[in-house]
1. Extension gain LEU80-ALA55, at 0.36 nm per residue separation less the Cα-Cα distance, in nm?
2. Obtain the nm distance between the two label points defined at ASP10 and LEU93 by a simple spin-label model: each point lies 7 Å from its Cα along the Cα-to-C-beta direction.
3. Go through LYS27/LYS47; LYS9/LYS47; LYS20/LYS59; LYS27/LYS59; LYS20/LYS90; LYS6/LYS47 and tell me which ones have a Cα-Cα distance over 26 Å in this structure.
4. Based on the mean of other beta carbon atoms within 10 Å per residue, what is the order of 88-94, 54-60, 75-81, most packed first?
5. Mind checking which helices in the chain clear 20 Å along their axis (Cα) and have mean Kyte-Doolittle hydropathy of -1.0 or more, DSSP H runs only?
6. Would you calculate a helix-derived [θ] at 222 nm for the chain, using -39,500 (n - 2.57) for each DSSP H run of n ≥ 4 and dividing by the full residue count, to the nearest 500?
7. Rounded to the nearest Å, what's the spacing between the alpha carbon centres of the range 68-85 and the range 8-66? Just the number, please.
8. Based on the alpha-carbon set only, what is the convex hull volume of the range 12-86 divided per residue, in Å³?
Amino acid sequence: MAIKVKELKDDAQISVPVNKAYYFMLKNNLFYLYNQIQSAGAEACEKSFETIKAADYSKMSQVEQSFYTVTLMIAEIERLSVEQNLFDEKEVLEPTDEGYVEPTLS
């Protein structure tokens, strides 16, 4: 007997509110995925990013697909944030700047 499942319609576009904490979780996840790709070595890393840039999802590994997917979500969040003027600009000192303090988690 067949079962019923729900699937988004092909033309569905859903707006999902995202707060700053979730945005940073996505960025942290992207950094983790980047490290996974980079850990394979320089040549493999370069090949992965060429595959990702080609945007042929079906030819990507699972890590590449994850990296690509999270990147698209972050890009859309940032695009909408700029469009809706939801970004604050601030100056961040670099390690060679006078007054620089090493960041901490607290």
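Every number here is computed from the coordinates shown, using simple stated rules; none is lab data. Remember, it's a predicted structure, so these values are computed and weren't measured experimentally. FYI the Cβ positions are ideal-geometry reconstructions off the backbone, even for glycines, and counts take in every protein chain you see.
1. The LEU80-ALA55 span can extend by a further 6.8 nm.
2. Result: 5.7 nm between the two label points.
3. Pairs exceeding 26 Å: LYS9/LYS47; LYS20/LYS59; LYS6/LYS47.
4. 75-81, 54-60, 88-94
5. 20-38, 62-83
6. So the helix-based figure for the chain works out to -17000 deg cm²/dmol.
7. The distance from the Cα centre of the range 68-85 to that of the range 8-66 comes to 13 Å.
8. In the range 12-86, the Cα hull volume divided by residue count equals 107 Å³.
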